[in-house]
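As structure tokens, the structure follows; a few thoughts come after it.
The values are calculated or read from the model by the stated rules, or taken from the named source; none is laboratory data. Note that the structure is a prediction, hence the values are computed from the model and not measured. As a convention, Cβ positions derive from the backbone with ideal geometry for all residues, glycine included, and neighbour counts pool all protein chains shown.
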Amino acid sequence: MAKNSLLDIKRSLEPHVGKNIMLRANGGRRKTVERSGVLEETYPSVFIVKLDQEQNAFKRVSYSYADILTESVEVTVCNDDGQVRITIQQ
């Protein structure tokens, strides 16, 4: 059952490759990290986000689809004008 859920999450992310997204991730010890960037690539187990260089020290980050399933990461796809389009969660 969980494998189908992971596949559903992957399929919901694939059409948004190349679009701006906002990430809200669990940073540990009650911290929440918010990052923005472009969804660069989806792979069978992970997805890659190219971060905005002005805001972040890292160029890219990767998260697994299980992170979305366990609600450790929340992905929000944004329009070109910065408005929220959809939130991908399980």
Given region 40-79, what strands (runs of 3 or more DSSP E) lie entirely inside it while holding 3 or more residues that are within 16 Å of Arg11 (Cα to Cα) and either in contact (Cβ under 8 Å) with a residue 12 or more places away in the chain or touching an Asp or Glu at 6+ places or on another chain (Cβ under 9 Å) (or both)?
46-51, 73-78
Is it the case that region 11-22 has a residue that's surrounded by fewer than 11 Cβ atoms within 10 Å (Cβ to Cβ), hydroxyl-bearing (Ser, Thr, Tyr) and either touching a Lys or Arg at 6+ places or on another chain (Cβ under 7 Å) or part of a helix (DSSP H, G or I) (or both)?
no
Kindly indicate the residue of region 70-90 that is of a type in the set (A, V, I, L, M, F, W, C) and modelled with pLDDT of 90 or more and also farthest from Val38 (Cα to Cα) among those meeting that condition.
Val73
